[in-house]
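J.: Quick one: this structure, given as structure tokens, is what I'll be asking you about.
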Amino acid sequence: MKKCIVSIVVMMMAGAASASVMCSASDYVTVVLDPYIEGTSYTYNAANMTWTTVFPYGNVSGVAVCNDTGGSYAVASNAEQYETGGVKCWCKMTHPAVSRWVFYASFSSSSACADSCANGCGYYVRYNSGFRSGVFGAVAN
């Protein structure tokens, strides 16, 4: 079984945050999550509430939930967010690192949130540096 050391470095305007997982001393992989590098494409699955954004350095993927917990755009929550079918959309990166939940948007109905939340997460992680900063900067240490 191949073991690895994974180091995630998040480049931020005022400094850097990092998260790492050590598996063995034989291999070392570093992924830099830079919010100023735009993605090249993205995909989403509304039914599964998942999204993936492709960057020149690799894929970033995550999950989305709709509930009635409000937040501020691109700001992370310290609370766990759960899918309850509400109108507020939250995004969470799950690969290559795990972030806290980051608020994306409010929708007019729970069905509109369910249809659009994962799409919005992937789209804004691809195209919007402010939202990328929110997600990448919410990497749990």
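We did not get these values from a lab; they are worked out from the coordinates using the rules stated. All values derive from a computational prediction rather than experimental measurement. We place every Cβ from the backbone using ideal geometry, glycine too, and count neighbours over all the protein chains shown.
J.: Give me GLU80, GLU38 sorted ascending by neighbouring Cβ count inside 10 Å, so fewest comes first.
T.: GLU80, GLU38
J.: For segment 100-118, list residues with backbone N below 15 Å from a point placed 7 Å from the Cα of THR84 toward its Cβ?
T.: 110
J.: Segment 48-141: which chymotrypsin sites (Phe, Trp or Tyr not before Pro) are DSSP loop and have at most 10 other beta-carbon atoms within 10 angstrom?
T.: In loop regions of segment 48-141 (DSSP not H, G, I, E or B), there are no sparsely surrounded chymotrypsin sites (Phe, Trp or Tyr not before Pro).
J.: Related question: Can you sort MET49, MET93 so the residue with the fewest Cβ neighbours within 10 Å comes first?
T.: By the 10 Å Cβ count, ascending, the order reads MET49, MET93.
J.: With charges set only on the Cβ (+1 for Lys and Arg, -1 for Asp and Glu), what does the dipole of segment 35-136 come to about its Cα centre, in debye to the nearest 20? Can you show the working numbers first?
T.: Details: 5 positive and 5 negative charges, 40 e Å.
It works out to roughly 200 debye.
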